[in-house]
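The values are calculated or read from the model by the stated rules, or taken from the named source; none is laboratory data. Remember, it's a predicted structure, so these values are computed and weren't measured experimentally. Here the Cβ is made from the backbone with ideal geometry for all residues, glycine too, and neighbour counts use every protein chain on show.
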Amino acid sequence: VGETIDGDRYRKVLGRYPTGVTLVTATGEDGPVGMIIGSFVSVSLEPPLVGFLPAKGSQTWPLIEATGVFCVNVLADNQQGLVDLFVGKEGDPWASVSFRLADSGSPIVEGAVAAIDCSIDRMVEAGDHWFVTGEVTGVEYSDEGSPLVFLGGVYGLFEGLR
């Protein structure tokens, strides 16, 4: 008990777990905002809840939180360029992104394989992150395309075994 975990080793271990790649969006006072999130999870079927973990130091999360709503866009394997736009923090990433608004007013990105519209349910402090749960208010998906996957610092695509 109480063993010190080496940070680099810990990150490498977690990097062996593949995640989907999502763009969490909302429309703030100054227009659309979004952040790339890999820590998205289904929380509950009844009531329908999802969750994700933004860093406490995020500049974007407070803008999304202030709206009370968000939309989780599950990015397709041909949308890695969106990751670069939203992680880069240079210029307005929305200038070159096609989207429409969900019922909540949050952007649904064209080409995403799924969109999950939510109202913020609660936030729980979790170390250097917040664990945010959202009550699902709307969903849509496409049978076309495959989700973008992140593993070991590399983006890729999913290929089924059968």
If I go through the stretch 42-56 residue by residue, how many of them are under 15 Å from MET123 (Cβ atoms) and out of contact with any His (no Cβ under 7 Å at 6 or more places or on another chain)? 5
The stretch 1-38 - residue that is surrounded by 10 or more Cβ atoms within 10 Å (Cβ to Cβ) and hydroxyl-bearing (Ser, Thr, Tyr) and, of those, nearest to GLN79 (Cα to Cα): THR22
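Each row is one residue, and each column tells you yes or no for (1) in a helix (DSSP H, G or I); (2) among the acidic types (Asp, Glu); (3) at pLDDT 95 or above; (4) over 27 Å from SER146 (Cα atoms).
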position: VAL1; (1), (2), (3), (4): no, no, no, yes
position: THR4; (1), (2), (3), (4): no, no, no, yes
position: ARG11; (1), (2), (3), (4): yes, no, no, no
position: ALA26; (1), (2), (3), (4): no, no, yes, no
position: PRO32; (1), (2), (3), (4): no, no, yes, no
position: MET35; (1), (2), (3), (4): no, no, yes, no
position: VAL43; (1), (2), (3), (4): no, no, yes, no
position: GLY51; (1), (2), (3), (4): no, no, yes, no
position: PRO62; (1), (2), (3), (4): yes, no, yes, yes
Collect the residues in the stretch 83-94 that are of a type in the set (A, V, I, L, M, F, W, C) and either surrounded by 15 or more Cβ atoms within 10 Å (Cβ to Cβ) or at pLDDT 95 or above (or both), keeping them in residue-number order. VAL83, LEU85, PHE86, TRP94
For the stretch 118-126, state whether one or more residues are in contact with a Pro (Cβ under 8 Å, 6 or more places away or on another chain), within 18 Å of GLY34 (Cβ to Cβ) and small (Gly, Ala, Ser). no
Within the group ASP117, ASP103, which residue is modelled with pLDDT of 95 or more and either touching a Leu at 6+ places or on another chain (Cβ under 6 Å) or assigned to a loop (DSSP other than H, G, I, E, B) (or both)? ASP103
Quickly run through the stretch 39-82 and pick out the residues that are surrounded by 15 or more Cβ atoms within 10 Å (Cβ to Cβ) and over 28 Å from GLY156 (Cα atoms). PRO48, LEU63, GLU65, THR67, VAL69
When only residues in the stretch 126-143 that are loosely packed, with under 11 Cβ neighbours inside 10 Å and without any contact (Cβ under 8 Å) to a residue 40 or more places away in the chain count, which is nearest to VAL41 (Cα to Cα)? GLY127
